[in-house]
Amino acid sequence: MKLINKLFIVVLTAVVISGCRKLDIAPTNDFSSLTFWKVDANVYNALYNNYHLISNSGLYFNAEAYSDNAVTLAGDPGIIPSGSANSATPTFANNWSYYYSSIKSCNGFLANIGQNTTLPKATIARLIAETRFMRAYQHFNLTNWYGGVPLVTDDITPAEAQVIARTPKATVIAFVLSELAAVIPDLPSQDQLAAGENGRITKGAALALEARVLLYQGNRMADVVTICQELMTNPTTYGTYSLNPNYSDLFSSATVNKTNHETILSLQYVPTVVTWNNFWDFAPVSVGGRVSQMAPTQELVNDYIMMNGDSITNAGSGYDETNPYVNRDPRLAATVVYDGYAWNNEGSINGPSKTIYIKPGSDPSDSQTNPNGPDEYVSGRQSSSPTGYYYRKYFDPNAQIGYVSGLNLHLFRYAEILLDYAEAENSLGQMNAAIWNSTIGALRARAGFTDPGALTYPGPGDITNIIRRERRAEFAMEGLRIDDIRRWKTAQTVLNGYAHGARFSGDLSTDNGYIRAQKRQFTQTNYLWAIPSNDIGLNKNLTQNPGY
């Protein structure tokens, strides 16, 4: 994406604007607030800066550790699930600040773009629409985590920021939805994007965000159905979207990851220019990993169904606890590294292709002088996964040493539209074989299921849990699970007690030998994050969420 190639210079936008002083006469040898926006290149650099602030890899991956999908024992992603967080917890303040910094940048853009008189009006309208989308997206993120939040639609001063009060969540959501509806006419469809514009916001992205916002409210499922149908059946207006034939390629193929018909909007990265390296702390040590910073849970692994469509707990499913990874949903191997995993490094410089030995005592290289292989589970060893599992999803075979990657991180995929549609139709009592075939059935076929037991509509009996399990398997490591269990109000069930790891503890009398990886606690209070105490100290009009 060409726009991201320029990100190393766009910081100048903020520096230039913030460094300007009010002058009676604009200088002729430098940019000022009177001249900056008149230069077309500056306008685009300011836009690219806003794109850069949509999100980051830390926000993206840490969300997994707040859910029952992953465990980390370090920092706030370890503290928050334990129930020990409070209003001074740094993540609550950092995320709050991040989202409002993005909103501030968007509002500055919207307040000043009118100074430009050289760009075509249609172009200006499109840039405004993209920026309003980003501002709406950040307001949605804020209200999703914190509830009622200050709704900021103007480029306010620091003094104004210190007196603004919280806006009710319903009002923030209404604003977000109205913004998305308003900007769609000025955005291009996916098919209208020029090659150099890959990654910019489209009509489809606006609809995808609108569907997510409405789905999360839980009481407007008919509207979710309507929006999803628009995106699924109207390619002329919104662009051509479809499932990519290969699930794993979406996350690991340098070509497919960046250009495919499934991605609706991604965080754009460019090798060696704009990169992320979180995977360095997700991968096994023997193939270039550093420490195990985040590890999949046994609970996640358990939710991947058998190839015949049965849950592993179903009688007659064929599940064998002593050989647990055989005949499972292919997305399990695309996402999670387990004992005996055949790691293909595909020419990566981060280590050789090899079998990953995780079960204690299983590595053939074990000896009296070196009793534990590099990837084997050893309780308390920093480089060892605390659950006996590692991540494979988002492995980049072209990553540099330390897994410095230029792969994009997907924010919205067409798969989400299909699952939003299935969930909404089911909640309305309208699920049937045709809807199943175009959603769950299609996703499973793409994943590699062939057994009719997995592909055929099972009837209405347990369809709610089937859809929820499907979302988990499809989107693991994409940050959506925590939102799902919070909106379904199941977090109090799945985030209380121990998060487990593989059956390596050696004590079959405790949890049948599964590792107790982390003790967790979740109460009604935790459905909202605390308003940062420092912000409340600066702004007496801010109120705190209950329980903090």
Within the range 187-224, residues being closer than 18 Å to ALA122 by Cα, without any contact (Cβ under 8 Å) to a residue 60 or more places away in the chain, open to solvent by less than 40 Å² (accessible area, probe 1.4 Å) and not polar (S, T, N, Q) number 2
>> Taking the criterion of being of a type in the set (D, E, K, R) and over 29 Å from PHE279 (Cα atoms), would at least one residue in the range 459-467 satisfy it?
In response: yes
Residue pairs within 6 Å by beta carbon, gap of at least six or interchain, first lying in the range 472-493 and without any contact (Cβ under 8 Å) to a residue 12 or more places away in the chain and more than 28 Å from ASN257 (Cβ to Cβ), second in a helix (DSSP H, G or I) and not small (Gly, Ala, Ser), listed first then second, are none
The residue from GLY459, GLY479 that alone is buried (at least 21 other Cβ atoms within 10 Å of the Cβ), assigned to a loop (DSSP other than H, G, I, E, B) and at positive phi is GLY479
Pairing a residue in the range 238-259 that is in contact (Cβ under 8 Å) with a residue 24 or more places away in the chain and within 13 Å of TYR414 (Cα to Cα) with any residue that is of a type in the set (Ser, Thr, Tyr) and crowded, with 19+ Cβ neighbours inside 10 Å, where Cβ atoms lie under 7 Å and the two sit 6 or more apart in sequence or on different chains, gives GLY239/THR202; TYR241/TYR414; SER242/TYR414; LEU243/TYR414
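Yes/no per residue for (1) surrounded by 14 or more Cβ atoms within 10 Å (Cβ to Cβ); (2) at pLDDT 50 or above; (3) at negative phi; (4) in contact with a Cys (Cβ under 6 Å, 6 or more places away or on another chain):
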| site | (1), (2), (3), (4) |
| --- | --- |
| ILE4 | yes, no, yes, no |
| ALA14 | yes, no, yes, no |
| GLY19 | no, no, yes, no |
| THR28 | no, no, yes, no |
| SER32 | yes, yes, yes, yes |
| ASN50 | yes, yes, yes, yes |
| LEU59 | yes, yes, yes, no |
| SER84 | no, yes, yes, no |
| ALA88 | no, yes, yes, no |
Among the residues in the range 314-334, are any within 15 Å of ARG413 (Cβ to Cβ), without any contact (Cβ under 8 Å) to a residue 60 or more places away in the chain and either part of a loop (DSSP other than H, G, I, E, B) or open to solvent by 50 Å² or more (accessible area, probe 1.4 Å) (or both)? no
Could you go through the range 383-392 and let me know if any residue there is in a loop (DSSP other than H, G, I, E, B), closer than 21 Å to TRP276 by Cβ, open to solvent by 10 Å² or more (accessible area, probe 1.4 Å) and at pLDDT 95 or above.
yes
Counted residues in the range 157-175 being under 18 Å from PHE109 (Cβ atoms) and buried (at least 17 other Cβ atoms within 10 Å of the Cβ) come to 1
Taking the range 232-266 and keeping only residues that are out of contact with any Asp or Glu (no Cβ under 6 Å at 6 or more places or on another chain), among the aliphatic types (A, V, I, L, M), within 18 Å of TYR421 (Cα to Cα) and open to solvent by 20 Å² or more (accessible area, probe 1.4 Å), one is left with MET232
Next on the checklist: Against the condition under 22 Å from SER252 (Cβ atoms) and out of contact with any strand residue (DSSP E or B) (no Cβ under 9 Å at 6 or more places or on another chain), how does SER367 come out, does it pass?
Outcome noted: no
Note: among PHE449, PHE522, just one is farther than 26 Å from TYR216 by Cβ and of a type in the set (Phe, Trp, Tyr), namely PHE449
Open item on the list: Is it the case, given these coordinates, that ILE358 is more than 24 Å from the chain's Cα centre (by Cα) and aliphatic (A, V, I, L, M)?
Closed with: yes
Over the range 505-521, the set of residues open to solvent by less than 30 Å² (accessible area, probe 1.4 Å) and over 24 Å from the mean Cα position of the chain (by Cα) is GLY513, ILE515
Of the residues in the range 145-156, those that are open to solvent by less than 20 Å² (accessible area, probe 1.4 Å) and either part of a loop (DSSP other than H, G, I, E, B) or closer than 19 Å to ASP484 by Cβ (or both) number 5
Pairing a residue in the range 120-147 that is under 30 Å from TYR548 (Cβ atoms) and among the basic types (Lys, Arg) with any residue that is part of a helix (DSSP H, G or I) and open to solvent by 10 Å² or more (accessible area, probe 1.4 Å), where Cβ atoms lie under 8 Å and the two sit 6 or more apart in sequence or on different chains, gives ARG135/LEU110; ARG135/GLU179
Exercise. In this structure, is GLN229 out of contact with any Lys or Arg (no Cβ under 9 Å at 6 or more places or on another chain), farther than 13 Å from ASN408 by Cα, open to solvent by 20 Å² or more (accessible area, probe 1.4 Å) and in contact (Cβ under 8 Å) with a residue 40 or more places away in the chain?
Worked result: yes
Checked ILE103, ILE128 against criteria (open to solvent by less than 20 Å² (accessible area, probe 1.4 Å) and at pLDDT 95 or above); the one match is ILE103
By residue number, the members of the range 106-125 that are in a helix (DSSP H, G or I) and open to solvent by 20 Å² or more (accessible area, probe 1.4 Å) are LEU110, ALA111, ASN112, GLY114, GLN115, LYS121, ALA122, THR123, ILE124, ALA125
The residue from GLN524, GLN430 that alone is surrounded by fewer than 21 Cβ atoms within 10 Å (Cβ to Cβ), out of contact with any Gly (no Cβ under 6 Å at 6 or more places or on another chain), among the polar types (S, T, N, Q) and closer than 22 Å to ASN69 by Cβ is GLN524
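The values are calculated or read from the model by the stated rules, or taken from the named source; none is laboratory data. Keep in mind that this is a model prediction, so the values were computed, not measured. All Cβ positions, even for glycine, are placed from backbone atoms using ideal geometry, and neighbour counts span all protein chains on display. Only protein heavy atoms, including side chains, enter the accessible area calculation; ligands, DNA and RNA are left aside. Shrake-Rupley method; radii C 1.70, N 1.55, O 1.52, S 1.80 Å.
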